[in-house]
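Since the structure comes first, as structure tokens, the remarks are kept for the end.
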Amino acid sequence: MASPLLSRVSFRGFTLVELSISLAIMGFMMAILLYRYPDTSMRLSLANITHKTALLVREAQVRGSAVDSINSSLGGYGLFVSLASSSQIILFGDSVDSNVPKPYGLTVGNGLYETSPLDETKTTTTFPNGYIIKKLCILPQGQSTFLCNSNYSPTIQTLTISFTRPNPQPNIYINNSQTTSFSAACIELNSPRAPIAGHIRSVQVYNSGMIRSQT
């Protein structure tokens with residue numbers, strides 16, 4: 001015989017009002033997600049581009065500081081960026097320069113990117129449409145603040161970060177000149193929504209050999 005208590009238990013589903021409210025909440029949340037999707041997508045794309053840029057610097061560091069000694073035509077590797085071509089980065093193999101002293105008897109390059117008499121380009125990385133290199137910055141010796149573009153004299157138009165064997169420390173040059181070397185360099189990357197927060201990132205390279213990316 002069933003218990004009187006159990007016989008009074010009833011089971012019911014959602015009422016039409018409850019179902020309508022649940023659907024309305026779900027629709028509202030979906031609308032927020034769809035509204036923010038382009039912003040989130042651009043942030044992720046910028047993060048990937050920044051990470052890839054940092055990896056290119058690391059690749060130049062590893063290959064440049066330990067170039068295969070069998071290949072006597074290369075004496076280092078580097079990265080070249082120019083505001084005139086703000087949507088691309090060039091990884092180059094630095095050709096041996098007979099005018100440069102040989103550390104430890106190793107042939108090395110001059111640390112600069114050149115296209116003549118030999119084109120030193122190894123790979124060219126092109127960013128998606130709208131993603132650009134906005135600023136090229138350097139940290140002068142003895143200073144603590146980065147100077148970017150026209151804030152430095154002469155105005156920074158190009159930046160070269162190169163590595164020559166056997167050193168993992170970078171050579172940092174601007175405007176295709178070896179006249180002055182610097183303590184650090186910074187490449188600022190922007191998404192199409194910059195300068196909104198989260199749409200500006202940078203890759204920093206220090207003469208200690210440290211490479212880091214940050215918002």
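The values are calculated or read from the model by the stated rules, or taken from the named source; none is laboratory data. Just so we're clear, the structure is a prediction, and the values are computed from it rather than from any experiment. Positions of Cβ are generated from backbone atoms using ideal geometry, with glycine treated the same way; all protein chains shown enter the neighbour counts. Calculation scope for accessible area: heavy atoms of the full protein, side chains included, ligands and nucleic acids excluded. Shrake-Rupley method; radii C 1.70, N 1.55, O 1.52, S 1.80 Å.
Residue count for the range 20-50, restricted to those that are modelled with pLDDT of 75 or more and over 19 Å from Pro195 (Cα atoms): 9. When restricted to residues that are more than 19 Å from Ile132 (Cα to Cα), open to solvent by 10 Å² or more (accessible area, probe 1.4 Å), hydroxyl-bearing (Ser, Thr, Tyr) and in contact (Cβ under 8 Å) with a residue 24 or more places away in the chain, the range 145-176 contains 2.
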